[in-house]
């Protein structure tokens, strides 16, 4: 079975995809039990050894809100020396930015919402107020030549507001880019998107002047749709895909938001398509199996289960 | 959330897909405990009420090999009166055909393999010998105006032989069509396919003179690839897709073959794409939840879990 998947390229797909690995942050922040700092550091080192080059490391949100990542100051120095790896960190406000810059972070990410309800629930402020909060964060980061990613949640559906109009997403996306974000990650936080919707949103962003190479996609597998939506995004030209090793995580504030796209399931498809990622699937799977042992429960990734015979 | 998924058609996809529901046969034949005949009949009635129009009902394989479906004679008369529904049954040989015809079956399916190893393990004969076995079955069925589907297993990878060359699949597919099969179901029995491989096989079949409308696809979710492979097949023009309510089943002879594509995950995508199936997703989900209660374990379908809040 070591020769599978068979490599058969498809037409009009990019030759290379950059995987933005979110397991160590988006995954572990949703664990009920706090994971020891040493395990987090080892996890990130193993992800890097498996070939991932963009590994979201932790969050500088106030520990009151995300106690699972309260050890950011202890963790970051343990991993910041890993060579050839970008280690973005989540930063909600200027206080978080101060903490991140003090530790030498070179990439940050702010997180906004396409819907008012989720903005209120996740950030305790309106979309407009969140943009006001991000403005000095992004400006100061850019002044220090720090790369800024903007997460945009609820780009397709919202558990309280239902289907989210494309023009509403375009509006907030443009605002984040106007503030100086280098790239956006379009989040299907509750996993409801389908391929036509994905392509329609990407096309609308292009029409509004946003180039595809400034866009990444972040799909959840709540309804089993993450990988087909990823394929649709690749067909549109997207080359940055968020995924979580072993399928860790979700969003604790969003009902039914279990299940980030598993990095292994993504790599299986990309390997089969002959699309370069630099990731060694066997080593990544071994990492997720190792982490699952630390967490005391099996990975939800189907590829991890199949390759490790956990069925 | 009742307005989700949002309907956004994508370009160049068929307006309608026929779902070939395999849960009652492919799903239940892999249950360790035998399901009571009354539960099977009720399951099929509920699937029909949910809008499925092609429901594979049972198998006329010798009960020694598939004891879970040994009640075919008792089951079939309980369901054969359901209006507007095709009820194909699996038939391996002339003895099976006799049993099926006696009960008034109007659609049968034979099952071959693209690889020699699986043919030996599943049918205890070579591919050529299996075709010899099917020849009179298909001829007699056609003479009685009975519709014949040909299943073709291991079309992408084989657990013993590895990657399966496209030309090898084309050879067996042509042979089955030459014997008189009305349609073929291309099976990714161990779930290893990726979208480029799917499209390459379909294109090779077309080049060999097989029209796309004689082809259905049967994907397994072992590595989480079933739905993205389905999207690739739809983009090629395929309009017949096999799926299993609740994601029931797999193949007991194929290592790592857990997980048929769940019908609910498929319908979510097709609903979002505005592709007609005739299926009511809520009613289908309720059916899978009901069956899961009968089986005593939760459905592996992510859509079933999300819609029924089993997380």
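Rule-based calculations on the coordinates, nothing more; no lab input. Computed from a prediction, not measured in an experiment: that's the story for all the values here. No Cβ is skipped: glycine too gets one built from the backbone with ideal geometry, and neighbour counts run over all protein chains shown.
A simple spin-label model places the labels of residue A:129 and residue B:62 7.4 nm from each other, with each point 7 Å out along Cα-to-Cβ.
For chain A, the 222 nm mean residue ellipticity estimated from helices alone, with every DSSP H stretch of n ≥ 4 adding -39500 (n - 2.57) and the total spread over all residues, rounds to -12000 deg cm²/dmol.
In which sequence would B:20, A:236 go, from the one with the fewest C-beta neighbours within 10 Å to the one with the most?
Details: B:20 25, A:236 21.
Result, fewest neighbours first: A:236, B:20.
Taking the number of Cβ atoms within 10 Å of each Cβ as an exposure proxy, the fewest-first ranking of B:113, B:119 is B:119, B:113. With label points set 7 Å from Cα along Cα→Cβ, the inter-copy distances at residue B:278 are 5.1 nm, sorted shortest first. Taking the DSSP bridge list for the protein assembly as shown and keeping only pairs wholly inside it, about 10 percent are antiparallel. Legend: mean number of C-beta atoms from other chains within 10 angstrom of residue C-beta atoms, peptide B:229-236, equals 3. Take each residue in A:293-304, count the other chain C-beta atoms within 10 Å of its C-beta, and the mean is 2.
Can you bin the protein assembly as shown into rounded, prolate or oblate? Criterion: square roots of the alpha carbon gyration tensor eigenvalues sorted a ≥ b ≥ c, rounded for a/c under 1.5, prolate for a/b above b/c, oblate for the rest.
Numbers: a/c = 2.10, a/b = 1.97, b/c = 1.07.
Here the protein assembly as shown falls in the prolate category.
In this simple spin-label model, placing a label point 7 Å from the Cα along the Cα-to-Cβ direction at both residue A:161 and residue A:33 gives a separation of 3.8 nm. Rounded to the nearest 5, the antiparallel percentage of DSSP beta bridges internal to chain B is 10%.
Which whole number gives the average count of other chain Cβ atoms within 10 Å of the Cβ atoms across peptide A:214-227?
Working: counts 0, 0, 0, 0, 0, 0, 1, 5, 7, 16, 19, 10, 4, 10.
Partner-chain Cβ atoms within 10 Å, mean over residues of A:214-227: 5.
Only Cα pairs under 8 Å and at least 6 apart count here; give the relative contact order of chain B as a rounded whole percent.
Working: 635 pairs, mean separation 65.2, N = 311.
Averaging sequence separation for qualifying contacts and normalising by length gives 21 percent for chain B.
By the count of neighbouring beta-carbon atoms within 10 Å, fewest first, A:76, B:134 end up ordered A:76, B:134. According to the square roots a ≥ b ≥ c of the eigenvalues of the Cα gyration tensor, what is the shape class of segment A:176-277, taking rounded for a/c under 1.5, prolate for a/b larger than b/c otherwise, and oblate for the remainder? The shape class here is oblate.
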